[in-house]
Every structure is written in C-alpha cells, then in structure tokens.
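Trainee: One structure is given below, represented as structure tokens, and several questions about it will come after.
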Amino acid sequence: MNRWSNMRPAVLAGLFGVVLAVTAGGPLAASDDTPSMSPTSPLTAPAETVQSQPTPLVGTAALPLTGLVIALDPGHNGGNAAHAARIARRVFVGNGWKACNTVGTSTRRGYPEHRFTFAVALRVKARLEALGATVRLTRQTDNGVGPCVDVRGRFGARVSADVTISIHADGSALSHRGFVVMKPGRVPRYTTDILARSSRLATAMRAGLLDAGLPIANYYAANGIVSRTDLGTLNMSDVPVVMVELGNMKNAGDATRMSGAVGRDRYAAGLVAGIRRYLGR
C-alpha cells in the first residue's frame, strides 16, 4: 500500500470533521487573511443595504386643523396713540361712519390692551399652527398704526379664512368682570350672509372660554353673547366672525390674569377650544 493509501483514512476523517463543524455552526470563522464574500454576491446583500431600506408609513393621520385658515385680529396697535389724527379718520362700516381705529384701554397699572391682545393672538397662532391650521394676523407687530376697522373686517375674506376672531379687552367699572362674545347683528347687504354661521361661532366661542374656566361677564349680555351692528370689524366681514372682550382691564382679578403669562395662556386655550368646537375638529 503506498503512502497515499496510508494517509487517505486520516484525510477523510479530517474533512468529515470540518463538514460536521460547519453544519453544526462550529467555530469556523475566517481568519484576517481569508477573502470575504464579494459585496455583489447574489447569495446575500451587504448589511448596510438591508438596513437602509425605507420603512413604509402606515396610517399616518393629518393634524386636525390641516387645510383650514384662521384670521386673528389683535385689537388696536401700539403706535396708535402717537398718530391721533390718522386713526381718527372716518371710515364707512356698512351702516354709518366710525373712527379708523382707537388707542384701546389699559389696566390701572398701565398694561395696555394692544399689548395684551397681541400677546394672546401670538399664543393662539402657535396653538393653531401646531394643530395644522394656517393663521393670518391683521397686524404683524405691536408698534404700528391701525389698520382701520373696515380693513380688519375685510381681512378674513382677503386671506380666504374660514373664520375671523377679533381679540379685545374692555375698560369698564371696577366691579365689572368677565368675558363677552360679540357677534354681528343684521346689517342689510353686509352681514346677512354670515349671521347664522357667526351665531354658531359665538356659541362655540362662549363654550370654549367656559371650558378654560373663564367667567362670563357680570355686567353686559347676561348669557355672554350679544349682537352688535355698530362695529366695522363685524359689519365688513364676509366670513363668520366674532369679537371677544376677554375681560375688563379695570377689574383687579381680570387685570391680574391678563397681565401674567399663565393667564394669557389660559385665554389662548379658551379661544382655541372655541374655534375647534365651531369647526368640529
């Protein structure tokens, strides 16, 4: 028997052991100088290729106010006081003539209505945008003049808004407190097309403010809602609109709430809740 004949059993035994080790998942790791599989091998894709495959989005829901446009009108403006003649100019409001704009009121400590309404409007804007809405403001800063009430009224239609909310605060007797929602009354050829929808908006807004724990006015409109026919912002609107006096700045309790960030957040939450109630979103 030659040398190969003597070695064949040992070689075969060794090969059989290798096969067993591979089949059983044994430690047959390639050494550092063992060629690796080509990345283009048809047997397997490289790990990074598998990991980079996109995961399909399933059931992604749109934000609740997506596709809706909300017009916000922060009452008055910080530059009005320095331009008395300009804001005293008379403008037509559908059934008469009114001053272009006014300075507004303030708390007894000097916190002005224009600053309060702008701060609340920015908070409302942020909340609505987080819900998917597009928000347009009648003024972009708190140091300008106007715009006039007729321009504010037309603004909602100009930006294709679904609703307009005009934000204000009152200046009444010290004992008076709470909010009131003002909706347009009947002004022929001006408000008849938005009366019913504005009325529903007013009811929704009252509910939203109540949900935020804010009190109804104890001195004007017993149920928190009143119709007005003398306000250009309401009369000149071609979309559902309300004007909200959020409280009385001369009242100590209301003034404290209005002057603090927490209170302004609360007013904003109530306005957003009212808007969402009306829109059913």
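Trainee: With the cut-off at 1.5 for a/c, could you classify the stretch 81-123 from its C-alpha gyration tensor as rounded, prolate or oblate?
Mentor: The shape class here is prolate.
Trainee: For GLY78, enumerate residues with amide H under 5 Å from its amide H, sequence gap 5+ or separate chain, H modeled in the peptide plane.
Mentor: Answer set, sorted by chain and number: ASN143, GLY144.
Trainee: Starting from the Cα of LYS125, draw a straight line to each of the lysines and keep only those under 19 Å, dropping any in the same chain fewer than 8 residues away.
Mentor: Hits, sequence-local ones excluded: zero.
Trainee: How high is the relative contact order of the stretch 66-143, in percent, with contacts defined as C-alpha pairs under 8 Å that are six or more residues apart?
Mentor: 48 percent
Trainee: Here is a follow-up. Only bridges whose two residues both fall in the stretch 69-279 count here: according to DSSP, what percent of them are antiparallel, nearest 5?
Mentor: Taking every DSSP beta bridge within the stretch 69-279, about 25 percent pair in antiparallel fashion.
Trainee: Once you order the gyration tensor axes a ≥ b ≥ c over the Cα atoms, which shape class does the stretch 69-279 get: rounded for a/c under 1.5, otherwise prolate or oblate by comparing a/b with b/c?
Mentor: Since a/c stays below 1.5, the shape of the stretch 69-279 is classed as rounded.
Trainee: Once phi is turned into ³J(HN,Hα) by the Karplus curve 6.51 cos²θ - 1.76 cosθ + 1.60 with θ = phi - 60°, what whole-Hz value does each residue of the stretch 104-112 show in order, with x for glycine and proline?
Mentor: x, 10, 7, 6, 5, 8, x, 7, x
Trainee: Contact order normalised by length for the stretch 69-279, with contacts defined as Cα pairs under 8 Å and 6 or more residues apart; what percent is it?
Mentor: 29 percent.
Trainee: Could you state the number of Å between the C-alpha centres of the stretch 124-185 and the stretch 229-272?
Mentor: Answer, in whole Å: 8.
Trainee: Excluding ALA130 itself, what net charge comes from residues whose Cβ is under 14 Å from its Cβ, given Lys and Arg +1 and Asp and Glu -1?
Mentor: Charge balance near ALA130 sits at +3.
Trainee: With the cut-off at 1.5 for a/c, could you classify the stretch 185-278 from its C-alpha gyration tensor as rounded, prolate or oblate?
Mentor: Since a/c reaches 1.5 and a/b is larger than b/c, the shape of the stretch 185-278 is classed as prolate.
Rule-based calculations on the coordinates, nothing more; no lab input. A quick note: this is a predicted structure, and the numbers were derived from the prediction, not measured. FYI the Cβ positions are ideal-geometry reconstructions off the backbone, even for glycines, and counts take in every protein chain you see.
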